[in-house]
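Written out below as structure tokens is the structure these notes cover.
The values are calculated or read from the model by the stated rules, or taken from the named source; none is laboratory data. Since this is a predicted model, take the numbers as computed values, not measurements. Here the Cβ positions follow ideal geometry from the backbone for every residue, glycine too, while neighbour counts run over all protein chains shown. Accessible surface is based on the protein model in full, side chains and every heavy atom, while ligands, DNA and RNA are left aside. Shrake-Rupley method; radii C 1.70, N 1.55, O 1.52, S 1.80 Å.
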Amino acid sequence: MAQKIIQKLAYGWRLFATGFSFFSFGLISLLLRFLVFPALSILHGNRLQRISRGQRVVHFSSYMFIELMHRIGIMTYEIQGLEKLNRPGQLIIANHPTLVDIVFLISRIKQAICIVKESLCHNPFMRGPISNAGYIGNGNPKKMIAECVELLQSGGTMIIFPEGTRSVPGKPYHFQRGAAAIALQANKIVTPVTLSCYPSTLTKAEQWYQIPYRRFHLTMHVGDDIALDEFTTIKPKSIAVRHFTQFLQDYFTHQRGL
């Protein structure tokens, strides 16, 4: 009886803490948009310098958010191969099991640009961080790919989820071809990052309040760089993109089965 009461109290606390965490995320986003970024805009510097500052601010904010969730008992985490990240001209390709994946990745990568849904560019909570960190909208696919390639070739770092949205638990991966097209055109460093979450939570099929029976554990495994030589020589480019997309899909499917 006492054990059941303790379990219910623990569950109630984690439900409250989860709601508090998402409230804090929204509050932080608003503070960034209306206070922090306007203050930073006063500082001297060109557009690239302003974006660099914005990315560092988003990195630090993401780190604080993840640590908040960890310290109040919502989640635990484990990172393998962190030393392989934070390199100029690096394209990080990751799977996307939970809502907090991108925040978790940015919390460990000091300066990175992401592709975001065009609708988020107009979201009052997200518009500030997105515009000030130089994130790229997906409204125009050709323009998006060109901007991503230019960024990587100039030494920038990118994070891409080739699924385009969160995974559906129990369903096979279905990767879009944009990530492969960007990787092959830029021909820079490509590093796979596998994310896993147990118990499964914050998936596409769940609301934020549908929390698991215990704290969830998020694992990030940074794999070895992927050699592009065998794909860049394939002609025409459309076939190369198709083959590389299938390679990525097979890689992450294998990682999920380990």
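Charging the Cβ of each Asp and Glu at -1 and of each Lys and Arg at +1, and nothing else, the dipole of the range 114-231 about its Cα centre rounds to 540 debye. In percent, rounded to a whole number, the relative contact order of the range 94-249 is 26, using alpha-carbon pairs under 8 Å and six or more apart.
Projecting label points 7 angstrom from Cα along Cα→Cβ for F16 and R71 puts them 1.9 nm apart.
For the chain, the longest principal axis of the alpha carbon atoms and the long axis of helix 237-257 meet at an angle near 30°.
Across the range 24-131, the relative contact order, built from alpha-carbon pairs under 8 Å that are at least six residues apart, equals 46 percent. What shape does the range 123-173 have by the C-alpha gyration tensor, where a ≥ b ≥ c are the square roots of the eigenvalues, rounded means a/c under 1.5, and otherwise prolate means a/b greater than b/c and oblate the rest? The shape class here is oblate.
Going by the alpha-carbon gyration tensor, a ≥ b ≥ c the square roots of its eigenvalues, is the range 8-103 rounded (a/c under 1.5) or, if a/c is not under 1.5, prolate (a/b greater than b/c) versus oblate? The shape class here is oblate. Computed from Cα positions, the angle between helix 2-31 and the longest principal axis of the chain comes to roughly 50 degrees.
Near T157, once Lys and Arg are set to +1 and Asp and Glu to -1 for all other residues with Cβ below 9 Å from its Cβ, the sum equals +2. Dipole magnitude for the chain: about 540 debye, using +1 per Lys or Arg Cβ and -1 per Asp or Glu Cβ, origin at the Cα centre.
Looking at the chain, the accessible area is 54 square angstrom per residue; that uses a 1.4 Å probe and ignores ligands, DNA and RNA. Of the chymotrypsin sites (Phe, Trp or Tyr not before Pro) found in the range 154-258, the ones in coil according to DSSP and having at most 13 other Cβ atoms within 10 Å of their Cβ are W208, Y209, Y213. Across the range 15-71 the C-alpha pair distances fall into 5 Å bins from zero in the proportions 4, 17, 25, 20, 14, 10, 6, 3, 1 percent. When the chain is described by a simple charge dipole with +1 on each Lys and Arg Cβ and -1 on each Asp and Glu Cβ, the residue from M144, A17, M158 located farthest towards its positive end is A17. Across the options F34, G223, T203, the greatest Cα extent toward the positive end of the charge dipole of the chain (unit charges at beta carbon of Lys, Arg, Asp, Glu) belongs to F34. Between R242 and H221, the contour length at 0.36 nm per residue exceeds the Cα-Cα span by 5.1 nm. How far, in degrees from 0 to 90, does helix 141-153 lean away from the longest principal axis of the Cα atoms of the chain, to the nearest 10? That helix lies at roughly 80 degrees to the long axis. Overall, the accessible surface of the chain at a probe of 1.4 angstrom is composed of carbon and sulfur to the extent of 60 percent. Based on C-alpha pairs under 8 angstrom that are at least 6 apart in sequence, the range 107-186 has a relative contact order of 30 percent. Between Y198 and E150, the simple label model (points 7 Å from Cα in the Cβ direction) yields a spacing of 4.5 nm. Mean residue ellipticity at 222 nm, helices only, the chain: -14500 deg cm²/dmol; runs of at least 4 DSSP H residues each add -39,500 (n - 2.57), and the sum is divided by the number of residues.
Summing Cβ point charges (Lys, Arg +1; Asp, Glu -1) relative to the Cα centre of the range 196-258 gives a dipole of roughly 300 debye.
Reported to the nearest whole Å, the Cα centre-to-centre distance from the range 27-95 to the range 213-251 is 25. Non-local lysine pairs in the chain, meaning eight or more places apart or on different chains, with alpha-carbon distances under 15 Å, amount to 6. Computed from label points 7 Å out along Cα-Cβ, the spacing between L40 and T253 is 4.0 nm.
Can you classify the range 35-191 as rounded, prolate or oblate using the Cα gyration tensor, where a ≥ b ≥ c are the square roots of its eigenvalues, rounded means a/c under 1.5, and otherwise it's prolate if a/b beats b/c and oblate if not? Rounded shape, in that the Cα axes give a/c under 1.5.
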